[in-house]
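Data block below; observations after.
The values are calculated or read from the model by the stated rules, or taken from the named source; none is laboratory data. These numbers were taken from a predicted model, which means no experiment stands behind them. We place every Cβ from the backbone using ideal geometry, glycine too, and count neighbours over all the protein chains shown. Only protein heavy atoms, including side chains, enter the accessible area calculation; ligands, DNA and RNA are left aside. Shrake-Rupley method; radii C 1.70, N 1.55, O 1.52, S 1.80 Å.
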Amino acid sequence: MLSSAIVVFREVFEIVLIVGIVLAATKNMPHRRKAIAIGFGGGLLGACLIAMFTDTISNMAEGVGQEYFNAGVLFAAALMIGWTLLWMKKHGRHMKRHFQDIGQAVSDGKAPFLTLSAIIALAMLREGSEIVLFSYGMLAAGQSTLSLATGAAIGIVGGVAVGTLLYMGLIKLSMKVFFQVTSALLIFLVAGMMSQAFGFLVAAGGFERLSQTVWDSSSILNDSGILGKSLNTMFGYTARPAAIQVIAYVLTLGTLIMLMKLIEKDFKIVKAGQTAATLMLAALPVALVPAQAHATKKVYSPYVEQGELELEWKGSITHDDDEEEADGAWEQKAGIGYGVTDWLFLEAYGEVEKENNEDGKFTAVEFEGKVQLTDPGAYWLDVGLLGEYEINTDGGADKVEAKLLLAKDTGPFTHMANLGLEREVGDESEDETEGNVSWSTRYRYKPSFEPGFEIHSDFGSLSDGSEFDEEEHQAGPVIYGQLGAFKYDVGYLVGLSDSTPDGEGKANLEYEWHF
Amino acid sequence: MARLFAVSIFSAVLAVFSLSAHAADEFRLTIKDHRFQPETLEIPAGRKVKITIANEDPTPEEFESYELNREKVIKGNSTGVVFIGPLDPGAYPFFGEFNMSTAKGQIVAK
């Protein structure tokens, strides 16, 4: 009930808002009410057609493939609501001006009369179809028609009332706060819908490898009780979620927050997204870590394990007696990855950095794909490739990197080398390619304890020669190992050249599930 | 520097694909009812060996060995290939990560 009230409220409010703006912009125009009425009626008719159409397909799908249909409707609703969220975020500020301009143009006779109708009809159609899809999804997910209808009624009355009062100037409302609050609620709702959509696919026998139950909290909070049910529709709470549902939820939530944040960055509006992202990362162990624009230190293996789901955290902290901003600077990355096949592993990261005397800030989102090219031990050397795209969320240029990953076992020793090429792309990018090499050797003493060392060298631009001290060179001891489902490595790297921090402590922690 | 870098990467890749495996000795392991058959597999020491693992169970299994530094997931009713060696003489235990109580075995290099 609550969720349908919120969705309907916001959709209706958006319609009223648009109608209100158009009305205000066309005050002295004859027949404007007629134009708006035509648009309103047309949009409503369109939304009803979509509803009937959905109903027909739903009836046809009865029995066979009902799960797929339910999943499809939920996907569609989640996509549309998510897209509207982002669209409003991006255009909300300019929307008023835009509609006023059109209204003025029509008033002045520069644009056809029906333009007004079209604007209203499109708004009705979009918001209306969202409500329709959402309602079907919720019915499919087991919500009763009564509670859905009650929620929708409350939403319509509330949306019209608030919108009208606002138009008549009877109440003042901070648009910014209004959109922030409802957007935050909708983000969770969309993530919950994605999780439910995957729940249907699992019920239909899909995602066999990712269908195992991650936890069972039904004894604490059953999702068929009143509280559980509300949490279920609002936040997608499930007492016995399948792994794929958890993944879908986290990825949807993360992606939406990142995208909102990116849009926000472009418009330099408020800090909602950043706060959300920072909150997410604050849930991570308080840490350590490194600095400057260079990344956390990790030597990648060329191996991919199919069905491995990995939650990863990397952090580093640096100290330097001469360079103040590198003294006490840290960097943290959190990521989630999955071995899609026995040769492809995909991973996404978020990154927070802090320089000395500055606040920590959310600086980047990264996407990585790793390809295992050879079977371990099949050739003299094991080979893999890593491609990475880093979206700078802090105002700098984006980055692409390609890495060649090499590994070789000699008795109880494992050696790995990464050769990387890196280039900035997009706005403010520098036209140069940088090269880096890292090396790791470890002694496989026992699973929980493998001592070794690492060397990390960043040669900077490959097009102009550089002095050793302008390049970044670090080396030091690292201990690797696995404790239960956790893989770790911790190390201390000494700066060998002037442009490297005197010392850097680093740690990587991975939690792995196998399916 | 750029040229040196490019050349070194290129030659590393070439090295790998030219140094392709000599015809490795081939062996076979079967997984049935969450057990390996045979549970002790003898292979020659000092040679590279290709082991084809046939999983005849409907559920996936992971061939894993810390001593051999290998992990390989094999889906239900399918086969996977693991390359090992050259090994020093000795016993190298392995197990099935998804059914660790029953799926155990060792490779003996002689």
Rounded to the nearest 100 Å², what is the sum over both chains of accessible area buried where A meets B, with a probe of 1.4 Å? 2500
Among the lysines, which fall within straight-line cross-link reach of A:Lys34, defined as a Cα-Cα distance under 20 Å, with same-chain neighbours fewer than 8 residues apart omitted? A:Lys110
Hey, how much of the P(r) for the stretch A:283-426 falls beyond 25 Å, as a percent of Cα pairs? 35
What is the Cα coordinate range of the stretch A:363-454 on the first, second and third principal axes, sorted by size from largest, in whole angstrom? 48, 27, 19
Once the convex hull of the alpha carbons of the stretch A:93-200 is built, what does its volume come to per residue, in cubic angstrom? 135
Carbon plus sulfur fraction of accessible area for the stretch A:378-515, probe 1.4 Å, in percent: 58
With a 1.4 Å probe on protein heavy atoms only, tell me which residues of the stretch A:368-385 lose at least 10 Å² of accessible surface in the complex relative to the chain by itself. A:Leu373, A:Thr374, A:Asp375, A:Pro376, A:Gly377, A:Ala378, A:Tyr379, A:Trp380, A:Leu381, A:Val383
Computed E for A:Leu165/A:Leu251 - FRET, C-beta separation, R0 41 angstrom, nearest 0.05: 0.60
If you fit an axis through the alpha-carbon atoms of helix A:272-282 and take the longest principal axis of the Cα set of chain A, what angle between them do you get, 0 to 90°, nearest 10? 40
What's the carbon and sulfur percent of the stretch A:96-155's accessible surface, probe 1.4 angstrom, rounded to a whole number? 68
The stretch B:26-74 and the stretch A:315-345 have their Cα centres apart by a whole-number Å value of 36
Under a 5 Å amide H to amide H cut-off, with H placed in plane at 1.01 Å, what residues pair with B:Phe27 once short-range neighbours are removed? B:Lys50, B:Ile51, B:Thr52
According to a simple spin-label model (label point 7 Å from Cα along Cα-to-Cβ), what is the distance in nm between A:Tyr511 and A:Leu79? 3.2
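Once you have the Kirkwood Rh of the stretch A:86-153 from its Cα pairs, apply Stokes-Einstein at 37 °C and 0.692 mPa s and quote D in µm²/s. List each step's numbers first, then the result.
Values: Rh = 14.5 Å.
Roughly 226 µm²/s, to the nearest whole number.
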Heavy-atom SASA rank of B:Lys50, A:Lys110, A:Lys403, A:Lys90 (probe 1.4 Å, accessible area, largest first): A:Lys110, A:Lys90, B:Lys50, A:Lys403
Apply the Kirkwood formula to the stretch A:383-431: the hydrodynamic radius equals the inverse of the mean of 1/r over all pairs of different alpha-carbon atoms; give it in Å with one decimal. 12.6
Additional length obtainable on full extension of the chain from A:Ala203 to A:Leu344, 0.36 nm per residue less Cα span: 48.1 nm
Reported to two decimal places, what Rg/Rh ratio describes the stretch A:311-373 when computed on Cα atoms with Rh from the Kirkwood expression? 1.16
Using Cα-Cα distances under 8 Å and only pairs 6 or more residues apart, what relative contact order does the stretch B:51-100 have, in percent? 44
Pairs of Cα atoms farther than 46 Å apart, chain A, %: 26
Helical contribution to [θ] at 222 nm, DSSP H n ≥ 4, -39,500 (n - 2.57), averaged over chain A, rounded to 500: -15000 deg cm²/dmol
Are there any chymotrypsin sites (Phe, Trp or Tyr not before Pro) in the stretch A:325-417 that are in a DSSP loop and have at most 15 other Cβ atoms within 10 Å? List them by number. A:Trp380
With 0.36 nm assigned to each residue of separation and the Cα-Cα distance removed, A:Ser448 to A:Lys34 gains 141.4 nm
The stretch A:483-515: which residues show an accessible-area loss of 40 Å² or more, assembly versus chain alone, 1.4 Å probe? A:His514
Give me the accessible area per residue for the stretch A:338-453, probe 1.4 Å, as a whole number in Å². 43
Overall dimensions of the stretch A:366-515 by Cα: Rg and Dmax, Å: 17.0, 49
Averaged per residue, the 1.4 Å probe accessible area of the stretch A:120-220, protein heavy atoms only, in Å², is roughly 47
Where labels lie 7 Å past Cα in the beta-carbon direction, separation of B:Thr30 and A:Glu467 in nm: 7.0
